[in-house]
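First up is the structure itself, then whatever we jot down about it.
The values are calculated or read from the model by the stated rules, or taken from the named source; none is laboratory data. Source: prediction; values computed, not measured. A quick note on method: Cβ atoms are made from the backbone with ideal geometry, for glycine too, and the neighbour counts reach across all protein chains shown. SASA here: full protein model, heavy atoms, side chains in, ligands and nucleic acids out. Shrake-Rupley method; radii C 1.70, N 1.55, O 1.52, S 1.80 Å.
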Amino acid sequence: MIDLMVNNDGDIALLMRIENSNESDKKIFVELIQKYQENFHFDLETIYLEDSALYTIPDLAVMEREKVR
């Protein structure tokens, strides 16, 4: 499984991670967003597109605390 974050201007890869296919998406989505935000500081608003595995109570709490939209 490949986790990939790209920009919207030409789909340039900004962050890529090869993961174990047995790893749960519910455990990794917020970690990837945090790594992205630590390494990239853009003046523009960032939009994250995830599937329903992101929407767990612990993940939503972290996103609220870190002001991820």
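Some points to look at:
- Number of the condition not met by residue 29 [criteria: (1) in a helix (DSSP H, G or I); (2) open to solvent by 50 Å² or more (accessible area, probe 1.4 Å); (3) touching a helix residue (DSSP H, G or I) at 6+ places or on another chain (Cβ under 8 Å); (4) not aliphatic (A, V, I, L, M)]: (2)
- Criterion: open to solvent by 100 Å² or more (accessible area, probe 1.4 Å) and either outside any loop (DSSP other than H, G, I, E, B) or in contact with an Asp or Glu (Cβ under 6 Å, 6 or more places away or on another chain) (or both) - qualifying residue of 63, 16: 16
- Checked against the criterion of being at pLDDT 75 or above and touching a Phe, Trp or Tyr at 6+ places or on another chain (Cβ under 8 Å), the candidates 50, 31, 38 yield just one match: 50.
- Residue match in the stretch 38-49 (condition: at negative phi, surrounded by 13 or more Cβ atoms within 10 Å (Cβ to Cβ) and part of a helix (DSSP H, G or I)): no
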